[in-house]
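Chemist: One structure, pasted below without further comment.
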Amino acid sequence: MPNIRKTFNFRDGVQVDDEVLVVTGDRVGVGTTSPDKSLDVRGNVQVVGIITADNSIISGVGTFNTIKVGTGITLDATSGVISATTFKGDGSTLSNLPTSQWVDVNVGLGFTSIYNAGGNVGIHTDDPRSGLQIGGRVNSSPQQDGVGISSFGHIKATGIITASTFNGDLTGNVTGDVTGTATTATLANTATLAVNSQGLTGTPNITVANINSAGVSTLTTLNTTDLTVPTLKSFSSIRAPHGSTVSIGVTVASKTSAHRYNGSGSPNGFVLDGVMAPFLTLTPGRTYRFDVSDGTNAQHPLRFYYDVDKTTAYDTSLYTISGQQGTANSYIEITVSDTTPTVLHYQCQTHSKMGNAFQTNSNVLDTEHNSTVRGTMTATSFAGPLTGNVTGNLTGNVTGNTSGTHTGAVVGNVTGNVTGNVTGNVTSATSSIGVATATSLGIGTLTANAEIQIHNSGGASSLVIGKNPAIVDNNLQLRYGGGASRFSTSEALDLINHGDGHFNYFLTGSSSFVWHKGNSNELMALTNTGNLGIGLTNPTHKLSVDGTSKITGVATFNNAVFIDGVLTVQDATISNLTGNVTGNIISSGVSTVSDLKATGSISIGTDAGNDAFRVYSGVQNRFFIDNVGRVGIKTTVNTPDIELDVRGDGKFHHGLVVGVTTGLCAVDFSNCVDIIGDGGVARNTLAYMLPPKVSTAQRNQLTNRTGGAVPSGAIVYNTNTNKLQVWNGSTWNDCF
């Protein structure tokens, strides 16, 4: 190709040797006639020099000796090393990392370090909760098997720790033999079973649940100021001597199988000095302080009770409650005395069965439970209820209830209830005697069949107050002297008073006198307001009778008489009946009423229905006035807009007048043009008269009522001739 040094401007592009080089617009194609990008090369590219690009996309295979991304990343094709300022991201799939890549933070020590300054390290776990955790989480609930080492140097393991030497404090349960010498034992909380204890020096506080010895245990010297041992085999117990206040640390933890009430009540329990809810034995004369300052007590106020169910609380004034549980310096303190109850229960005031009980060995028997004394109980005095049999003499005053069988005489005053059978006389000159029983009281019988039964198998039984004359009848009598009447039969009830005074019965409140027959038939009632009801129990008038009444004499009423039902009178003469009659007046004879006023309707021989006045129900005998004043005769309904509807003939003896007050003749329609109808509507447009309209054939058939000739003067309107015609006695004549 010749070398031409000139500038050319090609509007439609440049193409050299078919598809070797194509320039189209702002795009250049090498090996293609349709470049897609600013530079589109279809084939291999060799560049000697540096390619600088903001973004390079290679869809095929690119071969480079060295690739640099900015100044921080270098990819060397010869060595295969990728160098970067910082590596970040998930490296879980990286392998074959040489130890030389870990940073040696202490150069010169001869080893490198693996560290994680920002969190925890886990082995066999992806969720470490300790600084170094191997396996499960030992601090979780429920606990998982594993080992946890905190950043403070604490080690907690669920498995076995074996070491030639332990230096420092040992906290937790030790299972197995402990051999060797403890140089200084400052505090050993609990040893479940210490088989060999050698070389204990210092002044340790040791709490031992059980000391098991198959042979003889010899203690050369035992120096202690506080030795508490719940149980020594082959011995009962050792009691602490009197001394200063004993402090017992209280915490709260989840119940274990060692808890007396495990599986019942609250899932938590009190822990006393590291022991789960123990039963305590306290010594009279000593003060015991339950330290409840630990934060686990915050929701569990410790209190004392007579029983585990906290039915009866021990009086809080008899022990000290200081501070708020769960806060510093708070405690519950009790001083055991000779009057402290023998057994008390320490429990949570809010939750059930968290604690246990303690025995005080006091001299008093104070319990809410039943107590059984197998031998003889001797006391200077008894205060409170006494239940059970008393054999021997009871001398002194008894205050309170006595139940059971008492054989022998009771001499002295009895204040209170007597429950049981009394054989003999009860004599009281000044005291009141009351008998309270849930079943019955029998006089003259041992098996009373009622609440109170008086029985005399040899004669008439009676309840007599005051004078006591001879009793003749075998009826029930409540009497104060007096004699029986002719109605005092063997089945009668007599209330007999000796004197001639009144029989008084007093009511209070809204009570009433009610007379019954049987259990559910009320015959008569007299209310506290003085209303007497016969046949009903709630009369609203001075005399109310439900049912038929008959008065054989003269009944005089000075005021109004109200009859809610039907009044049937055989013959009554009433001068004046003033007032409203609500209901029906039914009379089979002739009743004369001078003035009758009804606010509703009046009917004769039928029901009024919706009419104001109605006579009889048959159509031929019916007469009615409806509730708007329309009158109907021999009809059931009125024709609309007709005030007088007569289904029959009408006769007027003196005349018929329409539209005027006084007629000028027998029939006067002269002023009907001036009639004003209902609602003020004029009726002048209706001021005309229509005679009968008949055809010629119909006219010729007309007769009088008896079938004879038409009377002279008859007027009709002939619809065939459209003429008004008058009959002169022989012919019909047109009027115009």
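The values are calculated or read from the model by the stated rules, or taken from the named source; none is laboratory data. All figures in this text were calculated on a predicted structure; none of them were measured in a lab. No Cβ is skipped: glycine too gets one built from the backbone with ideal geometry, and neighbour counts run over all protein chains shown.
For (1) surrounded by 13 or more Cβ atoms within 10 Å (Cβ to Cβ); (2) within 39 Å of the chain's Cα centre (by Cα), each residue gets a yes or a no:
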| site | (1), (2) |
| --- | --- |
| Val275 | yes, no |
| Leu280 | yes, no |
| Thr287 | yes, no |
| Phe290 | yes, no |
| Phe304 | yes, yes |
| Asp307 | yes, yes |
| Lys310 | yes, yes |
| Ser317 | no, yes |
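Chemist: Only residues in the range 591-613 that are more than 15 Å from Val631 (Cα to Cα) count as the first member; pair them with residues that are not in a loop (DSSP other than H, G, I, E, B), Cβ under 7 angstrom, at least 6 apart or cross-chain, and list the lot.
Modeler: Sorted first by the residue in the range 591-613, then by its partner, the pairs are Ile604/Val615; Gly605/Val615; Thr606/Arg614.
For every residue, the table says whether it meets (1) exposed (fewer than 10 other Cβ atoms within 10 Å of the Cβ); (2) modelled with pLDDT of 75 or more.
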position	(1), (2)
Asp564	no, no
Leu567	no, no
Ile585	no, no
Thr592	yes, no
Leu596	no, no
Gln620	yes, yes
Thr639	no, yes
Asp645	no, yes
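Chemist: Name every residue in the range 611-635 that is closer than 25 Å to Gly677 by Cα and part of a loop (DSSP other than H, G, I, E, B), in order of residue number.
Modeler: Once the filter is applied, which keeps residues that are closer than 25 Å to Gly677 by Cα and part of a loop (DSSP other than H, G, I, E, B), the range 611-635 yields Asp611, Ala612, Asp626, Asn627, Val628, Gly629, Arg630, Thr635.
Chemist: Would a scan of the range 53-64 turn up a residue that is surrounded by 10 or more Cβ atoms within 10 Å (Cβ to Cβ) and in a strand (DSSP E or B)?
Modeler: no
Chemist: Take the conditions in contact with a helix residue (DSSP H, G or I) (Cβ under 9 Å, 6 or more places away or on another chain), of a type outside the set (Val, Ile, Thr) and either surrounded by 15 or more Cβ atoms within 10 Å (Cβ to Cβ) or in contact (Cβ under 8 Å) with a residue 24 or more places away in the chain (or both) and apply them to Ser352. Does it pass?
Modeler: Considered against the rule, which asks whether it is in contact with a helix residue (DSSP H, G or I) (Cβ under 9 Å, 6 or more places away or on another chain), of a type outside the set (Val, Ile, Thr) and either surrounded by 15 or more Cβ atoms within 10 Å (Cβ to Cβ) or in contact (Cβ under 8 Å) with a residue 24 or more places away in the chain (or both), Ser352 comes out as no.
Chemist: Pairs under 6 Å by beta carbon, first residue over 15 Å from Gln701 (Cα atoms) and outside the structural domain of Thr696 (by TED's automatic domain parsing) in the range 718-736, partner aliphatic (A, V, I, L, M) and surrounded by fewer than 13 Cβ atoms within 10 Å (Cβ to Cβ), six or more apart or different chains?
Modeler: none
Chemist: A follow-up question, please. Starting from the range 623-643, keep only residues that are over 19 Å from Asp607 (Cβ atoms) and charged (D, E, K, R), then list their pairs with residues that are modelled with pLDDT of 80 or more and surrounded by 14 or more Cβ atoms within 10 Å (Cβ to Cβ) whose Cβ atoms are within a distance under 8 Å, requiring at least 6 positions of separation or different chains.
Modeler: Glu643/Arg630; Glu643/Val631
Chemist: Restricting to the range 259-275, name every residue that is at negative phi and outside any strand (DSSP E or B).
Modeler: Answer for the range 259-275, where residues must be at negative phi and outside any strand (DSSP E or B): His259, Arg260, Tyr261, Asn262, Ser264, Ser266, Pro267.
Chemist: Now for a different question. Could you list, in sequence order, all residues of the range 295-320 that are touching a Lys or Arg at 6+ places or on another chain (Cβ under 9 Å) and either free of Cβ contacts under 8 Å to residues at least 12 places away in the same chain or of a type in the set (Gly, Ala, Ser) (or both)?
Modeler: Selection gives Ala313 alone.
Chemist: Before we move on, is Asn139 under 29 Å from Ala157 (Cβ atoms), modelled with pLDDT under 65, surrounded by 10 or more Cβ atoms within 10 Å (Cβ to Cβ) and of a type in the set (S, T, N, Q)?
Modeler: Judged against the criteria, Asn139 is not a match.
Chemist: Right, here's the next one. With respect to Asp36, is the statement that it is part of a loop (DSSP other than H, G, I, E, B), charged (D, E, K, R) and at pLDDT 75 or above true?
Modeler: Values: part of a loop (DSSP other than H, G, I, E, B): yes; charged (D, E, K, R): yes; at pLDDT 75 or above: yes.
It is true that Asp36 is part of a loop (DSSP other than H, G, I, E, B), charged (D, E, K, R) and at pLDDT 75 or above.
Chemist: Moving on to the next point. Working only within the range 694-708, note down all residues that are loosely packed, with under 12 Cβ neighbours inside 10 Å and either over 22 Å from Gly648 (Cα atoms) or touching a strand residue (DSSP E or B) at 6+ places or on another chain (Cβ under 9 Å) (or both).
Modeler: Of everything in the range 694-708, those that are loosely packed, with under 12 Cβ neighbours inside 10 Å and either over 22 Å from Gly648 (Cα atoms) or touching a strand residue (DSSP E or B) at 6+ places or on another chain (Cβ under 9 Å) (or both) turn out to be Ala697, Asn700, Gln701.
Chemist: Further question: Within the range 276-300, how many residues turn out to be out of contact with any strand residue (DSSP E or B) (no Cβ under 7 Å at 6 or more places or on another chain) and either outside any loop (DSSP other than H, G, I, E, B) or of a type in the set (A, V, I, L, M) (or both)?
Modeler: So the count comes out to 2.
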